[in-house]
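A single structure is presented below for examination.
The values are calculated or read from the model by the stated rules, or taken from the named source; none is laboratory data. If you're wondering where the values come from, they're calculated on a predicted model, not measured in any experiment. Cβ coordinates were reconstructed from backbone atoms using ideal geometry, including for glycine residues, and neighbour counts include every protein chain displayed. These area figures cover heavy atoms from the full protein model, side chains too; ligands, DNA and RNA do not enter into them. Shrake-Rupley method; radii C 1.70, N 1.55, O 1.52, S 1.80 Å.
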Amino acid sequence: MCGANATVRGLLKEIPADFGAVVLDLEASPEHLTRATTEHVEHMLIVAEPYFKSLETARRYHHLAVDLGIPRVSIVANKVRPEDGDVVAEYASGHGFDLAATVPYEPSFSEAERLGVAPIDHAPRSPGSEAIRALAGRLTEAPA
């Protein structure tokens, strides 16, 4: 097992059950799934753009995550332009995926990346930032 994945796995294992929500932003790679880094994951979000290759990759990761026993796996549509219509929602529905959120294409996010700052800090009132905050709010709500 690679050292980075072993470290993440070890840290996750040490977090007390009553700690609350822990959010990890892992690189776009199936390595996390194949190295047991996700052993303690309760809800995995797979980010997909509204393009066939991205959606097909999300489908493969979704199946792998479910096969590994991750209790909840959802898709987040990212960089969705108005002309993309409901392509991600239709794909998710057609494959039985939960679509957790849709984040619109946000030109200011590219600028934030170039500046090395968080998008929601760079453009806090943009529709993309609002969509991210709404998703974070739903994910961190206490279960009923």
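Could you run through the range 78-125 and say how many residues are in a helix (DSSP H, G or I), of a type in the set (A, V, I, L, M), farther than 26 Å from Glu56 by Cα and open to solvent by 40 Å² or more (accessible area, probe 1.4 Å)?
Adding up the residues that qualify gives 2.
Could you list, in sequence order, the residues of the range 109-144 that are touching a residue at least 24 places away in the same chain (Cβ under 8 Å) and polar (S, T, N, Q)?
Selection gives Thr140 alone.
Just a yes or no: is a residue in the range 57-77 among the aromatic types (Phe, Trp, Tyr), surrounded by 13 or more Cβ atoms within 10 Å (Cβ to Cβ) and over 14 Å from the mean Cα position of the chain (by Cα)?
The answer is no, given that none of the residues of the range 57-77 is among the aromatic types (Phe, Trp, Tyr), surrounded by 13 or more Cβ atoms within 10 Å (Cβ to Cβ) and over 14 Å from the mean Cα position of the chain (by Cα).
So if I check each of His40, His95, which one is under 24 Å from Phe19 (Cβ atoms) and of a type outside the set (Gly, Ala, Ser)?
His40
Can you tell me which of (1) assigned to a helix (DSSP H, G or I); (2) under 13 Å from the mean Cα position of the chain (by Cα); (3) modelled with pLDDT under 90 is the one Leu33 doesn't meet?
Exception for Leu33: condition (2).
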